[in-house]
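Beneath this line is the structure, given in structure tokens, with notes to follow.
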Amino acid sequence: MSTDCVFCGIRDKKIPADIVFEDDQMIAFKDITPQAPEHLLIIPKKHIRSFNDLSDDDAVMLGKTFVKIKDIARGLSISESGYRIVVNCNGDAGQEVFHLHVHLLGGRKFTWPPG
Ligand code: AMP
Ligand code: ZN
């Protein structure tokens, strides 16, 4: 829990967001600055600062989150065309919000390697 964390604020419904899925462990909402026609962020409800801060206790939750992302992608009709799942960790990856989140991007063609 972090009182100045924007994603905790979204979890607690203190900051508005376009939520597309929520259960007891995760929330998926639209990125405020979409980088693709479909761009969602999927966060654990638990405040985890970054990918580095995951513990063994988070393994089941994180596994369920990734399996759910597959269903969310199908709901967005991007399963067949394709999509990208991204987790930025710390400075070199450009992490800006320090509450673990998974980007789900689709609806256009992506290049590799990423920038
Ligand atoms: P990252 O660089 O991986 O930390 O990505 C943070 C993402 O959070 C960026 O894509 C932002 O556009 C997004 N973001 C920041 N604030 C909000 C917000 N209030 N609602 C939705 N998305 C947000
Ligand atoms: Zn948080």
note = The correct ranking of ASP71, ASP31, ASP53 by accessible area at 1.4 Å, largest first, is ASP53, ASP71, ASP31
note = Restricting to aspartates and glutamates and to Cα separations under 19 Å from LYS14, and discarding same-chain partners fewer than 8 apart, the set is ASP4, GLU22, ASP23, ASP24, ASP31
query = Picking from GLY106, LEU76, GLN25, whose Cα lies most toward the positive end of the charge dipole for the stretch 6-106 (charges on Cβ: Lys, Arg +1; Asp, Glu -1)?
reply = LEU76
inquiry  = I'd like the carbon and sulfur percentage of the solvent accessible area for the stretch 6-106, probe radius 1.4 Å, heavy atoms only, ligands and nucleic acids excluded.
reply    = 51 percent
task = Sort VAL60, VAL97, VAL102 from largest to smallest accessible area, using a 1.4 Å probe on the heavy atoms of the protein chains.
result = VAL60, VAL97, VAL102
key: For a label point 7 Å along the Cα-to-beta-carbon line of ARG84, residues of the stretch 12-39 with backbone N under 17 Å   = 31-39
query = Per residue, how much accessible area does the chain have with a 1.4 Å probe, in Å²?
reply = 61 Å²
Relative contact order of the stretch 6-106, pairs being alpha-carbon contacts under 8 Å that are 6 or more residues apart, as % = 32 percent
Radius of gyration and maximum dimension Dmax of the chain, Cα, Å = 13.7, 39
ask   = Ignoring ligands and nucleic acids, what accessible area does ASP12 show with a 1.4 Å probe (Å², nearest 10)?
value = 60 Å²
key: Acute angle (nearest 10 degrees) that the helix 59-75 long axis makes with the longest principal axis of the chain, alpha-carbon atoms   = 40 degrees
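The values are calculated or read from the model by the stated rules, or taken from the named source; none is laboratory data. Because the structure is predicted, anything quoted here is derived from the model rather than measured. For neighbour counting, all protein chains shown are included, and Cβ atoms are generated from backbone atoms with ideal geometry for every residue, glycine included. Note: areas computed on protein heavy atoms with side chains; ligands, DNA, RNA excluded. Shrake-Rupley method; radii C 1.70, N 1.55, O 1.52, S 1.80 Å.
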